[in-house]
Amino acid sequence: MFSPNRRQMLQGLGAGLSLLTMPSFLVACAKQGAPVASAQAPLGQNPFAQWFGVDEALIREVLTELGARGATAADLFLQHTRSNSISMEDGIVSSASSSIDQGAGLRVVIGDQTGFAFTEDLSRESLLAAARTAAGIATGSAVVPPQALNVSPEGKLYAIAVPWADVGITQKLPRLEYVEAKARSLDPNIEKVSIAWSDSEERVLIATLGGLIATDYRPMTRLWVNVTANKNGVRQSNASNVAGRHDFAWYTDERLDTVAKEAVDRTMRLFDARRPPAGELPVILAAGASGILLHEAVGHGLEADFNRKKVSIYADMIGKSVAPDFVTIVDSAEEPFERGALNVDDEGNVGRRTTLIQNGVLQSYIHDSISAKHYGVEPTGSGRRESFRFPPMPRMRCTFMEPGPHSKDEMIASVKKGIIAETFTNGQVQIGAGDFTFYIKNGWLVEDGKITAPIKDCNIIGNGPDALKRVTMAAADARLDTGGWTCGKNGQSVPVSQGLPTVLVSSLTVGGEDA
Amino acid sequence: MRDELLKAAQEAVEISKAAGAQDAWAWASRSRSVEYSYRDGNLETVQESTSRGLSVQLYVDGRYSTQSTTDLRPDRLKSFIAEAVAMTRALEVDPFRKIPDPALFAGRAADTLDLVDATVSTINHDRRLEIVKALDAAAHGHQKVISATSGVNHSHDVSAGASSNGFSGSHESTSFWFGAEVTVQDAGDKRPEGYHWVGGRHVGGLPDVSAVGKEALDRTVKRMGSAKGPTQKATMIVENQAAGRILGMLMSTANARAIQQGRSFYQGKVGSELFSKKLSVTDNPLLPRGLASRLYDGEGIAAKAMPVIEAGVVKNLYVDTYYGRKTSMTPTTGGASNRVVTPGQGDLAALMKAINNGVLVTEWLGGNADGTTGDFSLGVAGFEVKNGQLGAPIGEMNITGNLVTLFKGLTALGGDVYPYGGILTPSLVFEGVQFSGA
């Protein structure tokens, strides 16, 4: 069913048949791309081109078709994703799945207009037919690709030692069993433990009408631990997860122990947790996962598509002071192995580190190539898409706040009645009104400068620009969240990361009871 | 197309058996979709695609896995399934996993669902343009409009399934949607947004295009001047458009899987009066033109109407084969179809008049619920209801409570069923709801 819901949301809790072997793939990718001039030249040996069964002649033919009716820009996005998931319940694997998703997205841009088509069939005929469909938006005269296509060098932000295709299920199962047993061992009240494992590897090749060819190999993995505990007939459940663009070796005993312990602690704490009081309260955001504040209150509003359309509350605020001077907020593609890390974005632009707010002053939006052109700035490498089935849009990558000058103790001591937000499940924002929310699963009540009780299940609502002005303290303990987040915008989901030091916001509306 | 896909599914079952699976199930699908969006007098995006895919479920030596691919070249498919069978052998034996009982396939209803409108495929560029232009014109009918994006989307989906134990079936549907989202300039930097979309299986029977654009505009303009309301306990009306989300939340753990995993407040409650006597919900997969209608579910189980909640009493749960075996419950169906709430009487104006004072919630913003306990907290926006009339717009508020308690306090339902979704519900009235605001 077509979903007309175009809202932005962030989800935390939820839920190839290569002829090439990986070593040769890595060796070939280590080569610096050089300009090539014919179908016999290096692109022919490029492992990505071989993977997709395309050569320079075909790429040029498709690009020529995309530009046949005129274009400001056009691109061919080839993608192959191979993913595996395993779920374990009651100590045995209840389901194991693998999938292969392969296809091409073809796009023609005229100013801020986009024609788009995709196909799962990578034959010449299908690619050309889709290119003609995408070009249907244009009515001008032909633009042809340059004679030489330039292959960009490979990025190294998430180069892994062993590709996921080389890790069999028999290697993974003992890791699931280990973490399952660990979680069970941590508390006698644990009734159920379920584990969800996923790993994937994605290959993309992006060719633009401007003559750029960029390639990327993108691994991803995530492990969930869900726990249900039964204490005197009352049940509580909760979860934890770890995620990133890592390989199998990343799942050390220590990492699995940590995620199991987090899941159990978060569950057991619910038995004593209450609802916070209802109304406007100071909120201390714990370091790490609380980066959800930035994602919702600031990040989406700074995505340049909303601003060039003038529908964002931040549309007229570049250069203005929007937060205290100790607040610096960054959206970066360059955090190694993070879910939001990107060597190149899905338009072939190099992923960069973008300072959004510098010492309280709004510096930059988050751009795709359409908006960068609109504003006359360099692309920020933030043009992302869920898959070849969608055109790219400006999206966040890894959004975080730099350390501040205060301390967590200082913040707690300053609060007469308020809460600490510690773990989260999801958030959402209205771009134009600026209202944002995030849902606290676990937190603490603070009374008279002291932590007095655990709290649970509380939605927070605030207004982006208001909340930024109310950031009254930020600590030195900045860190990124270890759990995996997925951002949804206009029906497209992409992996993101976030982080924050401990931060005090002087007032937000807390969803509570019995005020 | 249906025959072609059925053949592809049957072939995939044969390939799976030849590769060593004792049992197998395959689904093949094809979907054609066209979408235009139009912003402030210009066509903004044109998307047009035909998508296809194949998924296979394998039962190998007491083990089970599921596979899907979009690479349908015959040699690739064969090696893909062969690798998948080998991978499945590496799993442990799962005594609860069995292919669905073929007895459940029997009794499939005659296809009177009317899910295909042949005129959908005749909608051309000019017609799409005409629709988005009319939406755009209507959505700009106010001086405070900053931007309006209108859209039209239509699709044609076909799927077919086959199993090694005798299931075969195919499903075809069309859909047609259009609507607009509008942003207006409010005081200061605030630019409230609103939207309205309508759609269905058929082109006919939908409201006038301009009226939909105007409704999107009106819903947005009404939000202007929104302020935070007070922290209070109040009577809450949830508008029909918004009511689907909270009903979806209420029913999200009414299934055997959640119960088996100890994550459902429905555990041990079948036959109990858990909610207000006013609440009755039937899962009806056989609704003509329904957005979630079907003749069989994902396990091939022949579709039939199933009361889930009747006068507040939990009557049936969603039970699939696997969790049915784990919980010793009889399979009903693993997933929801059209969820039909038995309506009451009166429109929104009548409900407001009846409650006199309270809060009308027209949209949600974020929030969540714990399916194990039913505890929820949700962001809301809407309007005050004063002396039986629509009052000032309010927002940046939360409601917090427990879903079971909330639905015990369901005091009335309107007669205004919202038709554009898989949850068919009227506006709902709840007593004693905790609002957090100023």
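Nothing in this text is a laboratory measurement; each read-out follows from the coordinates by a stated rule. Remember, predicted model here, so these are calculated numbers, not experimental data. Note that we place each Cβ from the backbone using ideal geometry, even for glycine, and neighbour counts take in every protein chain shown.
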- Item | Using θ = phi - 60° and Karplus 6.51 cos²θ - 1.76 cosθ + 1.60, couplings along the stretch B:191-199 (whole Hz; Gly, Pro as x) | 10, x, 10, x, 8, 8, 10, 10, x
- Query: So who's got an amide H within less than 5 Å of the one on A:Glu303, skipping anything under 5 residues away but keeping other chains? H placed 1.01 Å off N, in plane.
  - Reply: A:Ile366
- Message: Please check: in the Gaussian network model of chain B (C-alpha springs, under 10 Å), which one of B:Gly62, B:Gly213, B:Gly334 has the largest mean-square fluctuation.
- Response: B:Gly62
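So in the stretch B:226-438, what percent of DSSP beta bridges are antiparallel if you round to the nearest 5?
Details: 41 of 49 bridges.
For the stretch B:226-438, the DSSP antiparallel bridge percentage is about 85.
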- Straight-line reach check, B:Lys278, cutoff 16 Å on alpha carbons, 8 or more apart in-chain or any other chain, hits among aspartates and glutamates -> B:Glu310, B:Asp416, B:Glu431
- Note on the structure: chain B, Gaussian network, Cα under 10 Å: of B:Ser252, B:Ser150, B:Ser175, the residue fluctuating most is B:Ser252
- Whether the stretch A:146-225 is rounded, prolate or oblate, judged on the alpha carbon gyration tensor where a/c under 1.5 counts as rounded: prolate
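How high is the relative contact order of the stretch B:368-420? Use alpha-carbon pairs under 8 Å, at least six apart in sequence, and give a whole percent.
Working: 56 pairs, mean separation 16.2, N = 53.
The normalised contact order for the stretch B:368-420 reaches 31 percent.
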- Query: So which trypsin sites (Lys or Arg not before Pro) in the stretch A:414-515 are both in a DSSP loop and have at most 10 other Cβ atoms within 10 Å of their Cβ?
  - Reply: A:Lys416
- For chain B, with a Gaussian network of springs between Cα atoms less than 10 Å apart, report the residue from B:Ala180, B:Ala90, B:Ala243 with the top mean-square fluctuation. B:Ala90
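Can you figure out the FRET efficiency of B:Asp75 with B:Leu129, using R₀ = 45 Å and their beta-carbon distance, to the nearest 0.05?
Numbers: r = 43 Å, r/R0 = 0.96.
Once the sixth-power term is evaluated, E becomes 0.55.
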- Over 22 Å between C-alpha atoms is what I'm after, so list which of A:Lys310/B:Lys133; A:Lys373/B:Lys144; A:Lys417/B:Lys190 land there. A:Lys373/B:Lys144; A:Lys417/B:Lys190
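Rounded, prolate or oblate, given the Cα gyration tensor of the protein assembly as shown, with a/c below 1.5 counting as rounded?
On the way: a/c = 1.22, a/b = 1.12, b/c = 1.09.
Note, shape of the protein assembly as shown comes out rounded.
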- In straight Cα distance, which lysines are under 17 Å from A:Lys441, not counting same-chain residues fewer than 8 positions off? A:Lys261, A:Lys456
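Any chance you could run the full-extension gain for B:Ala82 through B:Asp218? It's 0.36 nm times the residue separation minus the Cα-Cα distance, nm to one decimal.
Numbers: separation 136, 0.36 × 136 = 48.96 nm, distance 5.73 nm.
Here the answer is 43.2 nm.
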- Note on the structure: The farthest towards the positive end of the charge dipole of the protein assembly as shown, of the residues B:Gly432, A:Val494, A:Leu504, given +1 on Cβ of Lys and Arg and -1 on Cβ of Asp and Glu, is B:Gly432
- Message: Net charge around B:Thr50, counting only other residues with Cβ within less than 15 Å of its Cβ (Lys, Arg = +1; Asp, Glu = -1)?
- Response: -3
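Assuming 0.36 nm per residue, please report the length gained on full extension of the stretch B:Ala137 to B:Thr411 beyond their Cα-Cα distance. Present the calculation step by step, with values, prior to reporting the outcome.
Values: separation 274, 0.36 × 274 = 98.64 nm, distance 4.07 nm.
Additional length available on full extension: 94.6 nm.
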- Query: Under the definition of Cα pairs under 8 Å and six or more residues apart, what whole-number percent is the relative contact order of chain B?
  - Reply: 15 percent
- Message: Quick check on the stretch A:21-270: of the DSSP beta bridges with both residues there, what percent are antiparallel, nearest 5%?
- Response: 95 percent
- As a check on your grasp of the helix formula, calculate [θ] at 222 nm for chain A: sum -39500 (n - 2.57) over DSSP H runs of n ≥ 4, divide by the residue count, round to the nearest 500. -5500 deg cm²/dmol
- Message: Around B:Gly107, under 15 Å between beta carbons, what's the net of Lys plus Arg minus Asp minus Glu among the other residues?
- Response: -1
- Task: Kindly provide the helix-only [θ] at 222 nm of chain B, computed as the sum of -39,500 (n - 2.57) over DSSP H runs of four or more divided by all residues, to the nearest 500 deg cm²/dmol?
- Result: -7000 deg cm²/dmol
- Query: Mind listing the phi-derived Karplus ³J(HN,Hα) values for the stretch A:396-401, rounded to whole Hz, using 6.51, -1.76 and 1.60 with θ = phi - 60°, and x for any glycine or proline?
  - Reply: 6, 10, 10, 10, 8, 10
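Can you tell me how chain B classifies by the Cα gyration tensor, rounded, prolate or oblate, using a/c under 1.5 as the rounded cut? Can you show the working numbers first?
On the way: a/c = 2.23, a/b = 1.38, b/c = 1.62.
Oblate.
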- Query: Which pairs in the list A:Lys156/A:Lys182; A:Lys469/A:Lys489; B:Lys269/B:Lys353 are over 31 Å apart, alpha-carbon to alpha-carbon?
  - Reply: A:Lys156/A:Lys182; B:Lys269/B:Lys353
- Item | A:Gln363-B:Ala438 pseudo-label distance in nm [points 7 Å out on the Cα-to-Cβ vector] | 3.7 nm
- Task: Can you check what the net charge comes to around A:Leu480, using other residues whose Cβ is under 11 Å from the Cβ of A:Leu480 (Lys, Arg +1; Asp, Glu -1)?
- Result: -1
- Item | Whichever aspartates and glutamates have a C-alpha closer than 13 Å to that of A:Lys192, once near sequence neighbours (fewer than 8 apart) are set aside | A:Glu89, A:Asp90, A:Glu180
